[in-house]
Amino acid sequence: MARSRAFERWSRVRAGATAARDRLEHHALWLTALATAAVLAVMLYLPVGVVFAHAILDEGRLTLSQFADVLTDPFYVGVLADLFAEPLAVREHVVDVVGWLAAVSVSISVETPIPGLDVPVPWLRVVAPDVRTGLFGFTAYQAALSTVASVLLGLPAAYVLANYEFRGRKTLRSLTILPFVLPGIMVAVGFYAMFGRAGTLNELLGIVGFGPYSFIEANPLAIVIVAHAFYNAPLVARITVAAWESVDVRTVETARSLGASPRRAFRDVVVPQLLPAVLTGALLTFIFTFMTFPIVLALGGLQLATVEVWIYDRVRQLAYGEAATLAALETLLSLGLTYAYLRYESAQTGLARATSAPSRQPLFPDLQTALSPRRLAIIGYGLVALVVFAGPMGSLVVGSLTDGSGLTLRHFAFLLERQFEGESYQTLPVVAIRNSLLFGVATLVVALPMGVVVSTVTVRAGRGGKIVDTLAMVPLAVSGVVFGIGLLQGLVFGIPLPGGWRFQVTGAVAIVAAHAVAAYPFVTRNVSPLLSNLDPALVESARALGASRYRALVDVELPLVASGIVAGAAFAFAISIGEFSSTVILTGGGDTYTMPVAVERYLGRRSGPAIAMGAVLLFVTAASFVVVDRVGGRFER
Amino acid sequence: MKRRMFVGAVGGSAIAGVAGCLTRDGGENGTNGGTDDAEPENPDLEGELTVATYTSMVDSDNSAGPWLKEAFEAEYPDATLTWTVPSQGLNRYINREQQDADIEADVYFGLNVDDLVRIDDTLGDGGLLRELNVDRIDNSERIRDRLDMGDPHGRVLAYDTGYISLVYDETVVDEPETFDDLLEADYQDALLAQNAQHSDPGKAFLLWTIDTYGEDGYLDYWRDLEANGVRILDDWTESYTGSYMEEERPMVVSYSTDQVYANEYDYDMSRHQIGFPNDQGYANPEGMGIFERASELDLAYAFLDFALSSDAQAEIAQRNVQFPAVASEHVDLDPEFDQYAHEPPESVTFGYDALRGNLDGWVEDWAREFAGR
């Protein structure tokens, strides 16, 4: 009797548990979405809100005067200052513009624009009165140039990696992301070591009797732009390769069978499928280079300062109001661009993409093919890529093995000695490596669901979805310096609560959360275009057959967007490994430092040990990317 | 199954996470909020002394931090010295003070005069650090007169000083005798300086030119320097390791102790000549102070005294490659250090009073000259 009652209760509990599990599974998507929202609220909107409050609050009162101050200062906005100061004086502004246009003259002349080469080129000479662009104007100008350079350098790489088969292609594809993880200071040191007067390139040119040239001195802006391309061209390449590999080859074949020439088929069929990816890469590049800071100052100097330089200065002076105002304007600009792009992206809906990927041709099947113009162009590009990408990284490795007097292992000996004899308050290399890898994997685990959930939620939400999607891109649009301060004030010091309590988030969990917040937009941007191109009928039939929304996502949609997820995963891992500004704040003096933080800490009066640590960072990251890509590749198709 | 675990893990860790994020502030206003720095009869020399500093004090090749810890603990066997390196430097403590959060350190080791100015601009005069009772620091009498940092609130003592100077390649340029020389054609596109907005040597060099040409003349001088091709890079590391060492330019704003490294690392000495324009160098004394809310006051005083003792001064100077703060009769330095570390005939420096209320404006006006055009 008693026993049967117990059994009855037990089976009721079990039935309840099953029902609960079903319900849970049913609502898993929404629960994950809620968890994502919670992480974002705590790790993103809270810190950013804490800082941005400084922009609109003055001693507790709402004010827009700080914005007015910035917008009417010619130093920041150049000629637009007049416009902002007197927005209603339309007549005067029109007169100004007409006066400027009247002073512009265009002429054609013959010039030799390439320094060092005496090649006359017909040149369109435009003479216009100087327009004061202000800090924002200059920042946008260099970002635009950097974006063009990154796309120009990134696309050929994507073309080669997507269309040709050669030894080491997969490894090379994995390594494209490597520049992304290098701390700014290492890139600067690498660039000087490569392009400096005593650098590797001049040594090579010296062998064939040229030089030495002062590449950096001759045109600092150009070298800054090349450095930005070093960072961002791999980004463009990587996103584009992922899209190229998911081009449905049958659509090309159809076009060809209908009589289109290969070129025509490429233009009308392939290009439209690649364009969203290329533009995503361009948009991200523009936003990143708009917010650039260490690279411009390290290579270009104060003459090439950007808005971010001023934000950093204001933060150092603890003038948070002005810093926040500048940062808010910067963020508004990037979010505006993002919104415009997302509207475009959603307009690009196509057919569901099946996974019949294009086949690759061998790159150099025989000598004759190797001498064809196209192959020669690829070889030419390869040489450029070697100089721009492999050069600085190779020079870093060389720098870690040499000092003023020649080859030496003393920098690595320093790392070993530190590892075995270092004190607990010192920075130990192996701890840094371990932390970097652990946080990288943890970031993957957290950022992937976050990114996919944001994609799923926004792809299905129509126009409102674009706004949500734009807001979800905030981590990319907020300056790293400001985010760091927000973390410090909002989370590390804690928000005071009644009763002497404080809400604080610190330590490893906070670092992983911060990395995940920085990384998930990359997952989203890689997945969303694929997801929005999926035929909704696929999901609908799964649902009609009884699958929950969650199951439809896992069993139908995810496999079809796997290539995007894998691409996003690599980015998430890379972001985590390379992240510096928030890591260094959340680490504080504790032992949760990562490899880039260790590099920074070893930079004393002599930078040998730091460069050696940078070489370790390069090596460990290169090895893990090959692993990430190999493991990821299995899920891709 | 896996999904369930996933959902459970997400939910569970969220709850645990929130619970773990709540902390309770310690006792009100710390334990030593008062101003009683009179020497006690039986100082409490037991416990854990936390000293905040910058990274290279503990983390470079042969830094002074580990030696100081070991020697201090040998001197005070019941004490433990714990180094901490705040990621934002002193700003971390200014922020925490503003937010009324705990200050986890007792001593700050490595302040400049402009840090004091920033403290007072943000927190009000005499904030954050306590006025020192120098009677408790017997060795403070040994500090050289020139290294008085000029704080009206008596919060810091110098423990060493560096001199900003020019470092040049004698195979390319001659030593510039004066600042005006730097405007000559011989020095066209020769000089590398640092961004005074956030680089110590960069700021020191700017202040040096303000000392030479005055508040009203320094911007004109810099305009001429720019016309002669000066380059202003981010920080000392970028300008020195990045640019100067790769022979981009033959002259860089750096420290007068440069040859100590050149000797240690077998660099070509002709590229590491020290130039003192106008026979001057800009002194950048580094100071130490005790937090107002320090919990180990007696140990903190003992540490400050210890840092000025002869042994500590010699080690700090040689390991940190700076000059000692105490007069030469109180410290024995290696002859090699004496040979390669150069002191300028005359030293220039702005004290607290000159910088207070001026520094921000000077630096910003200067930076606006170069940026955004």
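Among residues that are within 13 Å of chain A (Cβ to nearest Cβ), under 15 Å from the mean Cα position of the chain (by Cα) and open to solvent by less than 10 Å² (accessible area, probe 1.4 Å), residue B:94 is not included.
On the stretch given as the stretch A:585-615, residues that are part of a loop (DSSP other than H, G, I, E, B), facing chain B (nearest Cβ under 10 Å) and not small (Gly, Ala, Ser) total 4. From the list A:122, A:113, A:129, the one residue that fits, being in contact with a strand residue (DSSP E or B) (Cβ under 8 Å, 6 or more places away or on another chain), in a loop (DSSP other than H, G, I, E, B) and modelled with pLDDT under 75, is A:113.
Of all residues in the stretch B:238-268, those satisfying the criterion of being surrounded by fewer than 23 Cβ atoms within 10 Å (Cβ to Cβ), at the interface with chain A (Cβ under 7 Å from one of its Cβ atoms) and touching a Lys or Arg at 6+ places or on another chain (Cβ under 9 Å) are B:247, B:261, B:265. The requirement of being more than 30 Å from residue A:232 (Cβ to Cβ) and open to solvent by 10 Å² or more (accessible area, probe 1.4 Å) is fulfilled nowhere in the stretch A:388-402; no residue meets it.
When the residues of the stretch B:232-266 are filtered to those that are without any contact (Cβ under 8 Å) to a residue 24 or more places away in the chain and touching a Phe, Trp or Tyr at 6+ places or on another chain (Cβ under 7 Å), the one that is nearest to residue B:187 (Cα to Cα) is B:246. Scanning the stretch A:300-316 for residues being open to solvent by less than 10 Å² (accessible area, probe 1.4 Å), facing chain B (nearest Cβ under 8 Å) and part of a helix (DSSP H, G or I) gives a total of 4.
Listed by position, the helices (runs of 4 or more DSSP H) contained in the stretch A:418-529 that have at least 2 residues being surrounded by fewer than 18 Cβ atoms within 10 Å (Cβ to Cβ) are A:429-459, A:462-472. Remark: pairs (first residue in the stretch B:270-286, within 12 Å of residue B:211 (Cβ to Cβ) and in a strand (DSSP E or B); second residue of a type in the set (D, E, K, R) and open to solvent by 20 Å² or more (accessible area, probe 1.4 Å); Cβ separation under 7 Å; 6+ apart in sequence or on different chains) = B:280/B:346; B:283/B:146.
Within the stretch A:209-232, residues that are free of Cβ contacts under 8 Å to residues at least 24 places away in the same chain sit with their Cβ atoms under 9 Å from residues that are among the acidic types (Asp, Glu), at 6+ positions apart or across chains, in these pairs: A:211/A:203; A:212/A:203; A:212/B:247; A:214/B:189; A:214/B:248; A:217/B:189; A:217/B:248. Scanning the stretch A:133-151 for residues being more than 14 Å from every other protein chain (Cβ to nearest Cβ) and in contact (Cβ under 8 Å) with a residue 24 or more places away in the chain gives a total of 8.
Among the residues of the stretch A:553-580, just one is within 14 Å of chain B (Cβ to nearest Cβ) and buried (at least 24 other Cβ atoms within 10 Å of the Cβ), namely A:579. For the stretch B:197-213, a residue qualifies if it is modelled with pLDDT of 95 or more and not in a helix (DSSP H, G or I), but none of them does. Restricting the stretch A:152-188 to residues that are more than 12 Å from chain B (Cβ to nearest Cβ) and assigned to a loop (DSSP other than H, G, I, E, B) leaves a set whose member that is nearest to residue A:366 (Cα to Cα) is A:166. Restricted to the stretch B:67-89, and to residues that are within 10 Å of another protein chain (Cβ to nearest Cβ) and open to solvent by less than 30 Å² (accessible area, probe 1.4 Å), which residue is nearest to residue B:116 (Cα to Cα)? Top of the filtered list is B:89. Within the option set B:118, B:130, being out of contact with any strand residue (DSSP E or B) (no Cβ under 7 Å at 6 or more places or on another chain) and modelled with pLDDT of 90 or more holds for one residue only, B:118. So is residue A:550 of a type outside the set (A, V, I, L, M), over 30 Å from residue B:103 (Cβ atoms) and within 14 Å of chain B (Cβ to nearest Cβ) or not? It is true that residue A:550 is of a type outside the set (A, V, I, L, M), over 30 Å from residue B:103 (Cβ atoms) and within 14 Å of chain B (Cβ to nearest Cβ). From the list B:355, B:308, pick out the single residue that is within 14 Å of chain A (Cβ to nearest Cβ), of a type in the set (A, V, I, L, M) and open to solvent by less than 10 Å² (accessible area, probe 1.4 Å). That would be B:355, the only listed residue that is within 14 Å of chain A (Cβ to nearest Cβ), of a type in the set (A, V, I, L, M) and open to solvent by less than 10 Å² (accessible area, probe 1.4 Å). Looking only at residues in the stretch A:50-82 that are farther than 20 Å from residue A:132 by Cα and among the β-branched types (Val, Ile, Thr), the one that is farthest from the chain's Cα centre (by Cα) is A:63.
The values are calculated or read from the model by the stated rules, or taken from the named source; none is laboratory data. Keep in mind that what you see is a predicted model, and the values were worked out from it rather than measured. Here Cβ is always computed from backbone atoms with ideal geometry, including for glycine, and neighbour counts include all displayed protein chains. Each accessible area value is taken on the protein alone, full model and side chains, heavy atoms only, with ligands, DNA and RNA left out. Shrake-Rupley method; radii C 1.70, N 1.55, O 1.52, S 1.80 Å.
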